[in-house]
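Please read the structure below before turning to the comments.
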Amino acid sequence: MKIAKFTTQQKNKDRLNVFVEKDGKEEFAFAIDVDVFIKYGLTRGMELEDDFVRDVLEAEEEQKAYKAAVNYLSYRMRAVSEVHDYLMKKEVSEPVIKRVTDRLIEQRYLNDAEFAKAYTQTKFNTSPSGPVKIKRELAQLQIAPDLIEDVIAAISHEDQLEKAGKFVNRKQMETNRRSATEVQQRIQQTLMQRGFSFDIISEAILTFWENEDEDVELSACLTQAEKLNRKFSGYAPYERKQRMKMQLRRKGFPYEVIERALERLAEQES
């Protein structure tokens, strides 16, 4: 068969419809990207062998996947693994994906080293994430271990301490309704979940935690005692007091603060 004519697609001027002459009639054969058309030098009247058509269609599949990947990359930087997974979802064959990603790497559209650096900086500066969590996320994106170590090492100890310290300062305000011990435990748990090391967390609490005003802790303990007093109202006075003491100790309040709070509560009820 031979090529009868080409027409430009109305919705995409970069794609051509190829028609062939068959049994004296023109019929649609396939559609290709204009770059593939140029690469293979297709012309009207050209005889098409099966092997040649197969090569053209393979090149078309690759070009289509390439343009889809470039569009995917236009929104933000991506890891090589992200582009691979994106094309897999579009049912592109593995060999074509490999050629497309190699091409994008060569053209510097893809660069895992630059991606890891930008990802780490953005995550650390604009989200609650700490180094451990960022490291885990980069590993999930299949970034090479040596690249991960390099970008994580670039996060200074001072920056980590400052970020954790700001969280400590913010959460310390909760001591108006919780014990200092409970608030510090919550800080530790949250910062661990966010990917900060135990050493950084401990240093941040030691450095940024401000000495508690006794009146603030007493007020917080009294607030909790009032709640517990209502909760255990069905018990006899002595047993109710013992249960309240036990619960307040579990919440991290010191014995002397608990005693003062219960005395204050008794005065309010008398």
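The values are calculated or read from the model by the stated rules, or taken from the named source; none is laboratory data. As the structure is a computational prediction, the values presented were derived from the model and not from experiment. Reconstructed Cβ throughout: ideal geometry from the backbone, glycine too, with neighbour counts over all protein chains shown. These accessible areas exclude ligands, DNA and RNA; they are computed on the full protein's heavy atoms, side chains included. Shrake-Rupley method; radii C 1.70, N 1.55, O 1.52, S 1.80 Å.
Candidates in the stretch 28-85 are the residues that are among the basic types (Lys, Arg) and at pLDDT 90 or above; of these, the one that is most open to solvent (accessible area, probe 1.4 Å) is Lys64. Restricting attention to the stretch 171-182, does a residue exist that is open to solvent by 20 Å² or more (accessible area, probe 1.4 Å), closer than 30 Å to Ala225 by Cβ and touching a Pro at 6+ places or on another chain (Cβ under 9 Å)? Yes; the residues of the stretch 171-182 include at least one that is open to solvent by 20 Å² or more (accessible area, probe 1.4 Å), closer than 30 Å to Ala225 by Cβ and touching a Pro at 6+ places or on another chain (Cβ under 9 Å). Considering only the stretch 10-22, I want to know if a residue exists there that is more than 30 Å from Asp85 (Cα to Cα) and either loosely packed, with under 14 Cβ neighbours inside 10 Å or of a type in the set (Lys, Arg) (or both). Yes - at least one qualifying residue is present in the stretch 10-22.
Annotation note: of Arg194, Arg243, Arg186, Arg264, the sole residue that is in contact with a Phe, Trp or Tyr (Cβ under 6 Å, 6 or more places away or on another chain) and open to solvent by 50 Å² or more (accessible area, probe 1.4 Å) is Arg243. Only one entry of Ser93, Ser129 meets the criterion of being over 30 Å from Lys171 (Cβ atoms) and of a type in the set (Ser, Thr, Tyr), and that entry is Ser93. For the stretch 1-36, a residue qualifies if it is assigned to a strand (DSSP E or B), of a type in the set (D, E, K, R) and under 21 Å from Ala59 (Cβ atoms), and the qualifying residues are Lys2, Lys5, Arg15, Asp33.
This table checks each residue for (1) closer than 30 Å to Pro254 by Cα; (2) touching a helix residue (DSSP H, G or I) at 6+ places or on another chain (Cβ under 6 Å); (3) part of a helix (DSSP H, G or I); (4) not β-branched (Val, Ile, Thr).
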{"position": "Leu110", "(1), (2), (3), (4)": "no, yes, no, yes"}
{"position": "Glu114", "(1), (2), (3), (4)": "no, no, yes, yes"}
{"position": "Thr120", "(1), (2), (3), (4)": "no, yes, yes, no"}
{"position": "Phe124", "(1), (2), (3), (4)": "no, no, yes, yes"}
{"position": "Lys133", "(1), (2), (3), (4)": "no, no, yes, yes"}
{"position": "Arg136", "(1), (2), (3), (4)": "no, no, yes, yes"}
{"position": "Ile152", "(1), (2), (3), (4)": "no, yes, yes, no"}
{"position": "Ala164", "(1), (2), (3), (4)": "yes, yes, yes, yes"}
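Taking the criterion of being in a helix (DSSP H, G or I) and in contact with a Gly (Cβ under 8 Å, 6 or more places away or on another chain), the residues of the stretch 189-207 that qualify are Leu191, Ile200, Ala204, Thr207.
Checking each residue of the stretch 252-265 against the condition of being of a type in the set (Ser, Thr, Tyr) and part of a helix (DSSP H, G or I) gives at least one match.
Evaluating Lys227 against the criteria (1) modelled with pLDDT of 85 or more; (2) open to solvent by 80 Å² or more (accessible area, probe 1.4 Å); (3) outside any helix (DSSP H, G or I) leaves one unmet condition, (3). Residues in the stretch 145-159 that are within 19 Å of the chain's Cα centre (by Cα) and open to solvent by less than 40 Å² (accessible area, probe 1.4 Å): Ile148, Val151, Ile152, Ile155. Is at least one residue of the stretch 129-136 under 22 Å from the mean Cα position of the chain (by Cα), of a type in the set (Ser, Thr, Tyr) and farther than 30 Å from Val83 by Cβ? No: zero hits. Pairing residues of the stretch 83-96 that are under 23 Å from Phe115 (Cα atoms) with residues that are crowded, with 17+ Cβ neighbours inside 10 Å and polar (S, T, N, Q), at Cβ distances under 9 Å and at least 6 apart in sequence or on separate chains, gives Val83/Thr101; His84/Thr101; Leu87/Thr101.
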